[in-house]
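The values are calculated or read from the model by the stated rules, or taken from the named source; none is laboratory data. Quantities reported herein were computed from a predicted structural model and do not represent experimental measurements. Glycine also receives a Cβ, built like all others from the backbone with ideal geometry; neighbour counts cover every protein chain displayed. Keep in mind that these areas ignore ligands, DNA and RNA; they rest on the heavy atoms of the full protein, side chains included. Shrake-Rupley method; radii C 1.70, N 1.55, O 1.52, S 1.80 Å.
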Amino acid sequence: MIRKAIESDIDMIHRLTQSCAKAMIAKGIYQWNEHYPTRSRFEKDIALGELYLLEENHMIKGIIVITPTMDEEYIPIQWLTSSDENIYIHRLAVHPEYWHNGYARKLMDFAETYAQEQNYPSVRLDTFSKNKRNHTFYENRGYQRLGNIFFPKQSEFPFYCYELVF
């Protein structure tokens, strides 16, 4: 089941993303660290009603943020569609114990269906340049890589921006 996260989910969500950060670092992917994502960021996501989680048997297997708000880091990117109304994906994460079971695909299917049902022209996101598995994941879904942005508190390496147009 995919549902909106609530305040009482915060501890499990934060533990999930900390586990993801450790597992990615062990694979040489320095995408997340002690600066991101933070508990306060998830509290804001929940307050805005933009954080969703995939839950099975009362266990949170993964999370995703679906928002119509464009971060200022995205402004220089030459997007394929007008930037008036789009959906942006952030903080997609699946607990490492459940990697390779299709949960990220289910969360992205949910986000893309949501965007289409709400008549958004596209879905936009970024992913870490050193996370090659993610590049393949998004490109196989039809996303086009458009440019690079930087989050200096997270990494010296760029993040690639992608867009899927409906």
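A few comments on the model shown:
- Residue match in the stretch 120-127 (condition: part of a helix (DSSP H, G or I), without any contact (Cβ under 8 Å) to a residue 60 or more places away in the chain, among the acidic types (Asp, Glu) and within 21 Å of Tyr52 (Cβ to Cβ)): no
- Considering residues of the stretch 135-166 that are among the polar types (S, T, N, Q) and open to solvent by less than 40 Å² (accessible area, probe 1.4 Å) only, the residue farthest from the chain's Cα centre (by Cα): Ser155
- Conditions (1) surrounded by fewer than 17 Cβ atoms within 10 Å (Cβ to Cβ); (2) farther than 25 Å from Gln154 by Cα; (3) charged (D, E, K, R); number of the one not met by Glu72: (2)
- The combined condition, being touching a Lys or Arg at 6+ places or on another chain (Cβ under 9 Å), at negative phi and either open to solvent by 60 Å² or more (accessible area, probe 1.4 Å) or among the aliphatic types (A, V, I, L, M) (or both), is fulfilled by Ile89.
- Leu107 satisfies every condition listed in (1) of a type outside the set (Gly, Ala, Ser); (2) touching a Gly at 6+ places or on another chain (Cβ under 6 Å); (3) over 23 Å from Gln18 (Cβ atoms) except (3).
- Residue match in the stretch 147-163 (condition: in contact (Cβ under 8 Å) with a residue 60 or more places away in the chain, more than 19 Å from Gln31 (Cα to Cα) and either in contact with a Pro (Cβ under 9 Å, 6 or more places away or on another chain) or not β-branched (Val, Ile, Thr) (or both)): yes
- Looking only at residues of the stretch 24-42 that are of a type in the set (A, V, I, L, M) and surrounded by fewer than 16 Cβ atoms within 10 Å (Cβ to Cβ), we find that the one that is nearest to Phe157 (Cα to Cα) is Ile25.
- Scope the stretch 45-63; condition of a type in the set (D, E, K, R) and surrounded by fewer than 13 Cβ atoms within 10 Å (Cβ to Cβ); matching residues: Glu56
- In the condition set (1) hydrophobic (A, V, I, L, M, F, W, C); (2) modelled with pLDDT of 95 or more; (3) closer than 21 Å to Glu97 by Cα; (4) within 14 Å of the chain's Cα centre (by Cα), Trp32 is compliant with all but (2).
- Qualifying residue in the stretch 104-119 (condition: over 12 Å from the mean Cα position of the chain (by Cα), outside any helix (DSSP H, G or I), over 21 Å from Pro37 (Cβ atoms) and touching a residue at least 40 places away in the same chain (Cβ under 8 Å)): no
- If you check Leu80, Leu107 for being crowded, with 21+ Cβ neighbours inside 10 Å and either closer than 14 Å to Tyr162 by Cα or of a type in the set (A, V, I, L, M, F, W, C) (or both), only one passes: Leu107.
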